[in-house]
1. Output yes when any residue across the stretch 22-38 is buried (at least 22 other Cβ atoms within 10 Å of the Cβ) and of a type in the set (Ser, Thr, Tyr), and no when none is.
2. Which of the residues spanning the stretch 170-184 are of a type in the set (A, V, I, L, M) and touching a residue at least 40 places away in the same chain (Cβ under 8 Å)?
3. Report those helices (runs of 4 or more DSSP H) wholly inside the stretch 1-75 carrying at least 2 residues which are hydrophobic (A, V, I, L, M, F, W, C) and away from ligand 3 (no atom under 16 Å from the Cβ).
4. Of all residues in the stretch 58-77, count the ones that are small (Gly, Ala, Ser), surrounded by 23 or more Cβ atoms within 10 Å (Cβ to Cβ) and within 18 Å of Gly37 (Cα to Cα).
5. Looking only at residues in the stretch 39-57 that are open to solvent by 20 Å² or more (accessible area, probe 1.4 Å) and within 16 Å of the chain's Cα centre (by Cα), which one is farthest from Arg170 (Cα to Cα)?
6. Look through Phe193, Phe103 and report the one residue that is farther than 23 Å from Ala76 by Cα and either over 13 Å from the mean Cα position of the chain (by Cα) or modelled with pLDDT of 95 or more (or both).
Amino acid sequence: MTAVDAGLCARWMAATAALVTEHADELTALDTAIGDGDHGLNLRRGFAAAAEAVGDTPGAVLKAAGTALVNTTGGASGPLYGTFLRRAAKALGDDPTATATAFAAALGAGLEGVRRLGGAAEGDKTMIDALAPAVAAFTGDDFSTAARAAADAAASGRDATKPLVARKGRASYLGERSAGHIDPGAASSALLFEALAGLT
Ligand code: ADP
Ligand code: MG
Ligand code: MG
């Protein structure tokens, strides 16, 4: 598979919603350990709304999905994921399809949006620790291969958050006590990319 169309983007959001629902209790348990225990609930609501997004182009679908996330998701993660999708959408523009290369550039724009909004860098124990390696691994002109590599990189990035001390978000209030737990947002970002890889 080489071209990304509106239908694929809609199926990406639906697949993410399904995975988030399936793993909502795990996300909540991670957030209970180092946050306020609402991450599973926040994202289950947010991605259910994102999965309703419709549009004629990849950009239109992801823009609608991002807006739905911002509007329905409580907590830090809603605006961050919403920005990721809306910035990606903006980079995709009005084209009816996107090549894998154009989609990679859009993911890069999304990541940049999250960095700017949240101010987190890699190693701060946030979703950036899964998103950044995923986006870096999404390369080449075969979408399926790129998406699989991105999902694997996101999972490694998620696991690598475990020993880290949080420097951003709610978990940072715990200081050294945040070490020893996977970051919930890194775990949900791995699901976002697992959903993408599972489409093809
Ligand atoms: P809240 O902390 O407001 O309850 P959630 O529980 O839904 O929000 O999301 C928490 C996740 O959001 C964290 O695990 C982390 O990955 C991510 N996060 C929080 N703050 C930031 C930030 N400034 N930059 C990037 N990601 C962040
Ligand atoms: Mg929380
Ligand atoms: Mg909260």
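The values are calculated or read from the model by the stated rules, or taken from the named source; none is laboratory data. In this text, all values refer to a predicted model and were calculated from it rather than measured experimentally. Heads up, the Cβs are rebuilt from the backbone with ideal geometry, glycines too, and the neighbour counts pull from every protein chain shown. Areas reflect the complete protein model, heavy atoms only, side chains present, ligands, DNA and RNA absent. Shrake-Rupley method; radii C 1.70, N 1.55, O 1.52, S 1.80 Å.
1. No, the conditions are met nowhere in the stretch 22-38.
2. Across the stretch 170-184, the qualifying residues are Ala171, Leu174, Ile182.
3. Passing ranges, in order: 6-22, 39-50, 58-72.
4. Summing the residues that are small (Gly, Ala, Ser), surrounded by 23 or more Cβ atoms within 10 Å (Cβ to Cβ) and within 18 Å of Gly37 (Cα to Cα) in the stretch 58-77 gives 1.
5. Within the stretch 39-57, the match that is farthest from Arg170 (Cα to Cα) is Ala51.
6. Details: Phe193 fails: farther than 23 Å from Ala76 by Cα.
Answer to the check: Phe103.
Here's the yes/no breakdown for (1) out of contact with any Lys or Arg (no Cβ under 6 Å at 6 or more places or on another chain); (2) farther than 21 Å from Ala60 by Cα; (3) not β-branched (Val, Ile, Thr):
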{"position": "Ala105", "(1), (2), (3)": "yes, no, yes"}
{"position": "Gly108", "(1), (2), (3)": "yes, no, yes"}
{"position": "Gly113", "(1), (2), (3)": "no, no, yes"}
{"position": "Arg116", "(1), (2), (3)": "yes, yes, yes"}
{"position": "Ala120", "(1), (2), (3)": "no, yes, yes"}
{"position": "Phe138", "(1), (2), (3)": "yes, yes, yes"}
{"position": "Asp142", "(1), (2), (3)": "yes, yes, yes"}
{"position": "Thr145", "(1), (2), (3)": "yes, yes, no"}
